[in-house]
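One structure below.
The values are calculated or read from the model by the stated rules, or taken from the named source; none is laboratory data. Since the structure is predicted, the reported quantities are computational estimates derived from the model, not experimental observations. Every residue, glycine as well, gets a Cβ built from its backbone with ideal geometry; the counts of neighbours run over all protein chains shown.
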């Protein structure tokens with residue numbers, strides 16, 4: 001069975017070249033799920049900008065689906081799966097989850113344990129917000 005740690009190990013690849021700048025050492029992967037299928041890898045410098053661009057495209061795709069506009073939908077047909085070992089992604093996920101209201105304490109504690117376990121495989125230092133979340137077992141002010 002593949003675990004989250006196994007996945008993180010595949011994302012942090014010191015021998016892979018970044019598709020953005022060519023630098024060796026990547027921390028993120030964007031997998032295109034529609035033809036032509038492809039996988040792009042990004043370094044820690046390129047990932048934040050590339051992530052913003054790709055998330056904007058995903059938002060446009062969702063809007064086209066909701067609007068039911070076939071022309072907009074045709075222009076936004078590319079489906080992608082984004083993965084990274086960037087704390088930026090974890091912080092955005094956690095911030096969004098917290099903005100939706102209280103998180104079940106059991107779920108929050110499980111997330112805190114997972115983040116602590118992932119820390120050695122993540123890119124860069126743990127952001128203060130996530131460190132507090134881990135230290136408090138998933139509880140934040």
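In the range 1-111, which helices (runs of 4 or more DSSP H) lie fully inside it and hold 2 or more residues that are touching a residue at least 24 places away in the same chain (Cβ under 8 Å) and assigned by TED's automatic domain parsing to the domain that holds residue 126? Quick ask: steps written out before the conclusion?
Values: elements: 4-11, 47-67, 70-75, 87-99.
So the answer is 87-99.
Looking at the range 87-141 only, could you name the residues that are closer than 17 Å to residue 4 by Cβ and modelled with pLDDT under 90?
Residue satisfying the conditions is 138 alone.
Could you figure out which of (1) over 27 Å from residue 134 (Cα atoms); (2) surrounded by fewer than 13 Cβ atoms within 10 Å (Cβ to Cβ); (3) touching a strand residue (DSSP E or B) at 6+ places or on another chain (Cβ under 8 Å) isn't true of residue 18?
(2)
I'm trying to understand the selection: among the residues of the range 115-136, which are more than 11 Å from residue 87 (Cα to Cα), surrounded by 14 or more Cβ atoms within 10 Å (Cβ to Cβ) and either in contact with a helix residue (DSSP H, G or I) (Cβ under 8 Å, 6 or more places away or on another chain) or in the same structural domain as residue 5 (by TED's automatic domain parsing) (or both)?
Listed by number, the residues that qualify are 116, 117, 133, 134.
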